[in-house]
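The block underneath contains the structure these notes are about, expressed in structure tokens.
The values are calculated or read from the model by the stated rules, or taken from the named source; none is laboratory data. This is a predicted model, so every value here is computed, not measured. Counting neighbours? That spans all protein chains shown, and the Cβs are built from the backbone with ideal geometry, glycine included. Note: areas computed on protein heavy atoms with side chains; ligands, DNA, RNA excluded. Shrake-Rupley method; radii C 1.70, N 1.55, O 1.52, S 1.80 Å.
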Amino acid sequence: MGRIVLKNVTKSFGNTQVIPPLDLTIEDGEFTVFVGPSGCGKSTLLRMIAGLEDLTSGYIEIDGDDATQVPPSERGLAMVFQSYALYPHMTVRKNIGFPLRMAKMDQSEIDKKVETAAKSLNLMDYLDRKPADLSGGQRQRVAIGRAIVREPAAFLFDEPLSNLDAALRVGMRLEIGELHERLQTTMIYVTHDQVEAMTMANKIVVLQAGVIEQVGSPLELYHKPRNKFVAGFIGSPKMNLIEGSEAAKHGAQTIGIRPEHIDVSTTDGMWEGKVGVAEHLGSDTFIHVHGVEGCDPMTVRAAGDMSVKNGETVFLTPQSQNIHKFDAEGLRIE
Amino acid sequence: MAIVAKSSKFGKYGRPTLAWIVGLLFFFPIFWMVLTSFKTDADAVKPEHLIWFTPTLENYLNMTENYDYWRFAKNSVITAVMATLFTLFVGIPAAYAMAFNPSRATKDVLMWMLSTKMLPAAAVLYPMTFLTKSVGLFDTKFLIVMVLSLINLPIVIWMLFTYFKEIPKDIIEAGKMDGVNTWGEIKEILIPLAWGGIASTALLCFIFCWNEAYWTVRLTTTDAATLSKLIEGNRAPEGLFFGRLSAVSAAAVGPIVVLGWFCQKQLVQGLTFGAVK
Ligand SMILES: Nc1ncnc2c1ncn2[C@@H]1O[C@H](COP(=O)(O)OP(=O)(O)OP(=O)(O)O)[C@@H](O)[C@H]1O
Ligand SMILES: [Mg+2]
């Protein structure tokens, strides 16, 4: 079981308040992702749940019990660190078995559990190596192994993949996803990579400067961003935000349209502009168009075989059902 | 052409030469002491036997008889070992707390501890003597162990603190998450990881304890007297017993010189606070 409730939680370092009063409920078995720009307080929030950081005020409940004053070692949560934080003086086997040894489990049972974990993580060949002799991906798997043997109430991940190269990152992303499918344990995952957030989460918590901007499923956030910040943060490439007369036509301060919701033509359309840079990815072409009023440059996603040249004139037409409207405060207008 | 730093002539020849000169200058008194220790007391003061003489082991063989060497040596070993252990016993948790749970006062506490080393020892000599005498601790090994521990604690905590600082905080935090309590963190993670640093610190502390003379000489008479006291107490009138005094002095510094020789690397690392790798 792992239902985690934060009530009125705040955190200050000295006189700077990093987390203003915040409420959040994480249901048992959910894969929750905290996402937001660097320095917004994701790690701080996660560390408060872990117990590694004291709360300035408010309280935390784990499975219905007040855990605010419970030390990290007794919260029954497992954490995977960005730096892996393996014990350098222990072999992989000892590393994975460490939490069990600390729980005073029988050696024979520890061995069994370590083997099972190692098998599921493809670590059988490395059990007697020290962490220094492993690759980044292998180290990360050892860190995950050390977390799963404990059968924790919840897993906490703090940017676990950001030290890995792109290909490995995609692989590990899938592995963690599968792990969640298999264990159905609560997972809280911190990242600043919105692709990771979109692909892994059941529930995304978007943070900015310690404030929760929106909580919802990936598609909710994509289709109904609550405000301009979430609109700009979720989705890649970023949503185009248009101000001025074009927005006024829709009765809004700002309108937003995603690059994939704009049709491009070389002959006619609603807005006219000149091609700046075109990025050819093979599957898609991202065109940055200059000269559209209220939004410069505007990014458009076109088909992969679209060939446009720098300086060429193009016409853009937004799909009207996909236009997001925001008021003067930046909040969504339905 | 790539730009590389040119090695200067001074760096190549001058510096090693200078180092040798300084080294020999420091080593000379020890060399002279060892040399004299192989002369008879009579030869030791005769100018014609300054370099050329018939070496004898007599001074060393009679050391126990002349000076009761082993009794003092035993006290030195006991007090230095106990004081080192006690210092680590207090110093490791203290340095651990400051390295991994720093507060705003940590820096000041560290500076304050170091500042106690700047207090002139002579200033507290009389209070210490009267106090220890009146509570009956004067000339006890317990007192010497305490005094040696207390005078070395600041430097030991400083050294351990700098070593502990190099251990990533994440690893300690991973330990907390894995269900380890504070004692477990120290025993299972901190000590194994900082083992080299702790050993260097212990070694240095042991040497400082062994060499300490100010307090061991003044706060002991017989029961707790160490080798420092032995040598200090047997200063002979000019020219008398130079041979046998040299022998016992050599035997007093011998163990530490040998220890130091074998542990050069750790010692350098310790004294530079781990800056040399
Ligand atoms: N120990 C500390 N003392 C003072 N300020 C801190 C401390 N730890 C974090 N902060 C501040 O709190 C804010 C939030 O930090 P946090 O590490 O939670 O950000 P983050 O969202 O995890 O960022 P990133 O994506 O870069 O990891 C930052 O402004 C940071 O400077
Ligand atoms: Mg962070």
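Evaluate the following for residue A:33: is it open to solvent by less than 60 Å² (accessible area, probe 1.4 Å), under 30 Å from residue A:235 (Cβ atoms), more than 16 Å from ligand 1 (Cβ to nearest atom) and in contact with an Asp or Glu (Cβ under 9 Å, 6 or more places away or on another chain)? Taking the combined requirement at face value, the residue does not satisfy it. Just wondering, is there one or more residues in segment A:63-72 that are within 22 Å of residue B:174 (Cβ to Cβ), open to solvent by less than 50 Å² (accessible area, probe 1.4 Å), touching a helix residue (DSSP H, G or I) at 6+ places or on another chain (Cβ under 6 Å) and at pLDDT below 95? Within segment A:63-72, one or more residues are within 22 Å of residue B:174 (Cβ to Cβ), open to solvent by less than 50 Å² (accessible area, probe 1.4 Å), touching a helix residue (DSSP H, G or I) at 6+ places or on another chain (Cβ under 6 Å) and at pLDDT below 95.
Picking from residues in segment B:173-197 that are under 19 Å from residue A:71 (Cα atoms) and outside any helix (DSSP H, G or I), the one that is most open to solvent (accessible area, probe 1.4 Å) is B:181. Only helices (runs of 4 or more DSSP H) wholly contained in segment A:186-262 count here; list those with 2 or more residues that are free of Cβ contacts under 8 Å to residues at least 12 places away in the same chain, surrounded by fewer than 18 Cβ atoms within 10 Å (Cβ to Cβ) and outside the structural domain of residue A:75 (by TED's automatic domain parsing). Hits in segment A:186-262: none. In segment B:38-66, how many are of a type in the set (Asp, Glu) and open to solvent by less than 80 Å² (accessible area, probe 1.4 Å)? The total comes to 2.
Taken together, B:125, B:160, B:114, B:110 contain a single residue that is at pLDDT below 90 and in a helix (DSSP H, G or I), which is B:114. Inspect all residues belonging to segment B:176-193 and state whether any of them is away from chain A (no Cβ under 13 Å) and out of contact with any Leu (no Cβ under 8 Å at 6 or more places or on another chain). Yes, because at least one residue in segment B:176-193 is away from chain A (no Cβ under 13 Å) and out of contact with any Leu (no Cβ under 8 Å at 6 or more places or on another chain). Residues of segment A:155-180 that are within 16 Å of ligand 1 (Cβ to nearest atom) and touching a Phe, Trp or Tyr at 6+ places or on another chain (Cβ under 7 Å): A:157, A:158.
Taking residue A:38, is it of a type in the set (S, T, N, Q), within 16 Å of ligand 2 (Cβ to nearest atom) and farther than 30 Å from residue A:130 by Cα?
Criteria met by residue A:38.
Residues of segment A:43-61 that are open to solvent by 10 Å² or more (accessible area, probe 1.4 Å) and either more than 9 Å from ligand 1 (Cβ to nearest atom) or in a helix (DSSP H, G or I) (or both): A:43, A:44, A:47, A:51, A:52, A:54, A:55, A:56, A:57, A:58, A:59, A:61. Being away from chain B (no Cβ under 14 Å), among the β-branched types (Val, Ile, Thr) and away from ligand 1 (no atom under 16 Å from the Cβ) is a condition met by no residue of segment A:81-91.
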